[in-house]
Structures are given as C-alpha cells and as structure tokens.
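The structure appears below as structure tokens.
Bear in mind these aren't lab numbers, they're just calculated from the coordinates by the rules spelled out. Remember, it's a predicted structure, so these values are computed and weren't measured experimentally. Cβ atoms come from the backbone with ideal geometry, glycine included; neighbour counts cover every protein chain shown.
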Amino acid sequence: MNQLDNQVFQERRNNFLSKLDGRAAIIPGAKLVKHHTDCEYPFRQESNFWYLTGFDEPDAIALFLSHKPKGERYILFVHPKNIESEVWNGFRWGTNGAEKIFKADKSYPISEFEKELPNYLMGADEIVFPVGKYPEIEHIVLSLWAKQIDNYSRIGRAPRAIRPLGMFLNQMRLIKSEYEISRMREAVLISAEAHELVRLNVGSKKHEKQIQGLLEGFFLEKGARGPAYNSIVASGDNACVLHYTANNSELKKDDLLLVDAGCSLQDYYNGDITRTFPIGGKFSGEQRAIYEIVLEAQKKALRSVVIGMSSSDIHNEALRVIIEGLLEINLLRGSVDEIIENCSYKHFYMHKTGHWLGLDVHDVGAYRLGDYEVLLRDGMILTVEPGIYISDRMPIPKGQPEIPDRWKGIGIRIEDDVLVNGQCPEILSSVACKEIADLET
Ligand SMILES: [Mn+2]
C-alpha cells in the first residue's frame, strides 16, 4: 500500500472513530464464496471493511475501539502467515503485515478473535455490529455481550445496545472525497470507453456473448478487476427484461442493443453506464421516437442534479417527459398528473431514475429520512437512468390503450454517472456517445 492510500485509509479511520464516540465497532470482512465443489468465485472484499482498512484478504475482522486510548483503537484479525497455504492459494500479509503495512495498532490470527474480544469490548458504551449477516461472528459477539450484561449488576458497566454500522458509516461513504472522486473518474472513464468500443465494433459481432466478451476483456486490459456487476447485453425484446444477464441471443441488425455495464477497479470503485443503439446503424421510426423521449427525459433529469434537489425531484423530471412523450404517440391516454397519480405509466417505466454510486454499485446512503428527502450535496455521485420498455409482459393498466405490435420489443435506457458539483452537474461518463447523430452510421 502506497503512502497516499495509507493516508486516505488513516483519515477515514480517524473520522469513523470520532463518530463512534465511546462505542466499539466490530466489522467483519468478506469470505470466499463457493461456486461449485472446491472452486470459488473471485474474492470480493466487503465494502465497509475495505473502506476503513484497504485490506484485501478473506475472513478478516476489524475492531474500532473509540473508548480505548490512542494506539489501541484499530485491531485486525487476519490469516497468519503459512507457507503451505501460500503455496496453494497465494501470498498473505499475516499479522506483521497487518501492523506494518496496514497500520493496525495490533493484529492477531483470526483464531484468537473469541479469546481477545472480551478485553477489547470492556468499557465500550455500545457495540456497533452488522446484525444478521455473519452468523458465526454474531454468535461470539452476542454470547459475550450477554455475559457482560449479566455482570452489569455487579460491576455497573456493560455495552448497553448494539447499533447498525450504517448509522456511523453511510453518510461518510455517501459524500466522496477528492481522492474518491478521482478514483470514480477512472472507473467511469474505462466503463465509458468500453461502451464506445462496443458500438464501434458491433458490426463484426453476431452474438450478445461476444459483446460481453469485448466489454469485459477491455475492463481487464485496462487493469480493472472486471465487471462491477453482471453485464447486461440485451438485444431487441431482451432489453425489456431489466436485469437480463443471460446474454445468449444472436444479434439482429434491425434490433436495438441495450448494454448496461461498468467496470470495478482494483480498489472496488465502480462505473455503471447504459447505452442503447441500433445494431444495424439506423433507427426505425418507432425506435427513434422512443429513443428521443428517453434522451430528452435523461437530459432534463441531468440538469436537475444540482445542490438542494432530491432523488425524487430528479425522477419526477424524467417521469414527466416520458409521460408527455408517450401521450404524444398515443401509447398513453389521459393527463400527465392523472397518469402519475394512478401510476398508469408503470407498464412502460417501472424503475426509479437513479441510485448512489461508489464502492457499491447501489451505494450506501439513504434517499429519504422518514418524511424528509435527502437533498443533493457536493461530492455525491449518482446515476441518472430513465428508460422505456415496451413489451407484452405487463398487463395494460385500466383505461390505457392496447399497444400496437409495431412498438413491441423496444427497450431503451440511457444511464450516465454524475457528480454533484454546485449548480453544474459533472457527467463523468460523457465519453460514451448518446446523440442519435453519433449512434447512426
Ligand atoms: Mn444503474
């Protein structure tokens, strides 16, 4: 780990520890997940654990102890050095590396977690732990806590509650630092370049899988870990399946191709971009009409990514344009307000217009706090991704017209990644073309 990265993680830990204010946090890292028999999926560190440690090995556990004096606040439990295991499965940092390179105040082998935990929890006001996700660790934490509560009547001190981690970390992760913004720029740029590569080479490809290969090969070539999520390569009617990841159809030149894909960097920052374009290089009249509506909706929504607006403001901007557009071509009937009121647009547009983006593709952070909308602030990064999907899978809402066949099988989404920057939203994914003139050949 280089000095800059070390400083970044150190600052996050200091900030987190000050928010803990007398509490002890127990944060497990990710485990390897079995794919089949003795083969595993590629390791993916848990995002909160990564955010605070930068430590990329499985099964580790971090303690953050804001009630302890300096020099005893950051504890890492890791796999110890073991030459035989390392010959089979690769290098480990061990407890020495955890202390020297990753700056833990103290590190132990994972097997000592249960033995060491009581000392470290002693004196904490509350415990911060992600309940319900790590049964083996939770069992240890809860039985220890039960003992401490039993002792309360004798010694007058025990953690009084267990609180969720998100209360202390989500807000920090939601606002991206300059360092994180630069990492996000890189993740999104590689993702956008991959979309360009796909569009420019679609003519020589015959199958959705080949497009997936092109995208994901490019991610690896650029030094990313791979796709941030299962790439969606959806031609024709497949695009009306929102999470279509089978990618097993042949490409037809009269169809549109919807590609929703982004890369994940070595340090897990993610891009998430969608483009839709005609495979044969020319939109049909119907495809063009729908594309124009989605593009206009997306541009309107993008303009509202400014300080003080909320996610639902952005959604409503896009939604109105989509409904107006569909009214104009007689795919909807009624007034805009009435259609919004009774949700009779949802057979065409059934998702929201975006989400936070960062270390998680659907990044942490609330969109509402009870009755209040979370308002945009500088340093937030979100996607803006309206779409229209015309298929006969969904029932037609009461009072709405039947869909003529010529419209069916058109699925279009346009998704950019945007940094909130005062009154001037910065579109990080603008390298990927979306104007009709650029998509037609
Ligand atoms: Mn998205």
Relative contact order for the chain: what percent, with Cα pairs under 8 Å and sequence separation of 6 or more? 13
Full extension from Asp59 to Leu369: what is 0.36 nm times the residue separation minus their Cα-Cα distance, to one decimal in nm? 108.3 nm
Just order 116-128, 256-268 by mean Cβ neighbour count inside 10 Å, highest at the front, would you? 256-268, 116-128
Using only Cα atoms and rounding to the nearest 10 degrees, what angle (0 to 90) does helix 285-303 make with the longest principal axis of the chain? 40
Pick from Lys209, Lys300, Lys81: which is most flexible by mean-square fluctuation in a GNM of the chain where alpha carbon atoms under 10 Å apart are linked? Lys81
Between Thr441 and Glu286, with labels modelled 7 Å along Cα→Cβ, what's the label distance in nm to one decimal, could you check? 2.4
Going residue by residue through the range 72-78, the Karplus relation 6.51 cos²θ - 1.76 cosθ + 1.60 with θ = phi - 60° gives ³J(HN,Hα) values, rounded to whole Hz and with x marking Gly or Pro, of 9, 9, 10, 10, 10, 9, 9
Gap in Å between the Cα centre of the range 114-130 and the Cα centre of the range 220-257? 46
Compute the distance in nm between two label points, each set 7 Å from the Cα along the Cα-to-Cβ direction, one at Arg333 and one at Asn230. 3.8
In terms of modelled amide H atoms, which long-range or inter-chain residues lie less than 5 Å from the amide H of Tyr108? Leu76, Phe77, Val78
The size of the Cβ-based charge dipole (Lys, Arg +1; Asp, Glu -1) of the chain about the Cα centre, to the nearest 20 debye, is 840
Which ³J(HN,Hα) values, rounded to whole Hz and listed in residue order, are derived for the range 270-278 from phi using the Karplus coefficients 6.51, -1.76 and 1.60 in 6.51 cos²θ - 1.76 cosθ + 1.60 with θ = phi - 60°, glycine and proline given as x? 10, x, 7, 10, 10, 10, 10, 8, x
If you build the Cα gyration tensor of the range 380-423 and take the root of 5 times each eigenvalue, what three semi-axes come out, in whole angstrom, biggest first? 33, 12, 8
